[in-house]
Amino acid sequence: MTDPQNWAAPGANQPGAPYPPQGTPPPGAPQNPGYQNPGYQQPGSPYPGGQYPGAQYPGAQYPGAPGGPGTPPGPGAVAPKPGVIPLRPLGVGEILDGAIAYIRANPVATLGLAAIVVTITQLVEVPLGIFALGQLAGLTAAPGDPADPTAIAGVLVGSVAGSAVGALVSFVAITVLSGMLIAVLSQAVLGHKMSIGAAWAAVRSRIPGLVGLTLLIALLLVLVAGVGVVPLVVLAVMQANAAVVVLVGVLFVLLSWAVALFLGVSWALAAPAYVLEGVGVTAAMRRSFQLVRKQWWRVFGISLLGGIIAVIIGAILSLPFSFAADPMSDPIAGVSIVGLLITSVGTIVATTVTAPFSAGITGLLYFDQRIRREGLDIELARTAQQG
């Protein structure tokens, strides 16, 4: 496992790529293991003078700060903005705007990359769907004949297997896509562009662990959410009073879902931490927990808002394709092959836009939390100035 205090962003050999670890003093500063970088605080901060508590080191640079070297910006100062976000704690609107700005600044490495990855997944899922339609058409070819239970079971097994394969391919593809998009975002924050090839090279060695991390979190959340059903099943087997079964069942289900939601938000920044900090899977989960702690409601609210916006955008983009595919649906077999192809195109169009936006929200939440808790804005500003 890699020490989370010693890490660099993907593409660290590129100008301005590395992001200093928590607790790293400026060059030439006296060593202090407990050092926390000073960070800019918006007006209304509980810290006087817009300054985080912590040691000040002579010679610390903050580009554009009033008062010369070593003076962090006070209230009203304009934070530097070398890339898609100002280097200070971000507001909700700035996170949403930054998620769009990095797409506009890097259309090929965001929209183009997403289109390639989603198209590949559809090239796997569509043939599986066509095969399932063919199997179903074979069952309904002679409506007057009695249904063959063996044939029906075979179709069901084939359909479930095909759906499982398609879901697995989509899961891996979207996970890899998100990791590459976070790498692109990490450079866009500094005002640098990143090609698709550079993004792939930056995260290639991290892909197996990233897939494992995402899968582990998903399985844990499903397990926690499912625990609430256990008392319900136990009481039903014991033939307990129906009112007791319902009351206890609802109580435990809601409690388990609440715990799963809490853990899901607490681990929401694990993927950016894993990609950018070079830590292990469990260390990334602990790192996310640390960053989200005391800011859970903020991370939850912004993530929820970003998710709602992504769903709305996706629905708007895919709606015309759904309307076009609907007249081609078979009343018995469901959607036709042509309709399936049209729906697939709509999925590609919608996901091409929403996947980079969602990854941008998550990545900017990660940077925002590091700026708020660790004063990363100071180091980012210095790195951008040197690059």
Open item on the list: Take residue 108 and residue 234, extend 7 Å from each Cα along the Cα→Cβ direction, and tell me the distance between the two endpoints in nm.
Closed with: 6.0
- [ ] Note the per residue figure in Å³ for the convex hull of the C-alpha positions in region 291-387.
- [x] 125
Task: Mean shadow area of region 235-333 over all directions, Cα convex hull, nm² - done: 12.5
TODO: Determine, from the Cβ-Cβ distance of residue 254 and residue 196 and an R0 of 56 Å, the FRET efficiency 1/(1 + (r/R0)^6), rounded to the nearest 0.05.
DONE: 0.80
Task: Residue-span extension gain [residue 311 to residue 215] - 0.36 nm each, minus C-alpha spacing - done: 32.3 nm
Open item on the list: Applying a 10 Å radius around every beta-carbon, put 107-115, 174-182 in order of their mean neighbour count, most first.
Closed with: 174-182, 107-115
- [ ] Enumerate the calculated ³J(HN,Hα) couplings along region 349-359 in order (Karplus 6.51 cos²θ - 1.76 cosθ + 1.60, θ = phi - 60°), each rounded to whole Hz, writing x wherever the residue is Gly or Pro.
- [x] 4, 5, 5, 4, 8, 6, 5, x, 5, 5, 5
- [ ] Return the distance in nm (one decimal) between the two label points of a simple spin-label model at residue 100 and residue 157, each offset 7 Å from Cα along Cα→Cβ.
- [x] 5.2
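Since every read-out is calculated from the coordinates, none of them should be taken as a lab result. This is a predicted model, so every value here is computed, not measured. Glycine also receives a Cβ, built like all others from the backbone with ideal geometry; neighbour counts cover every protein chain displayed.
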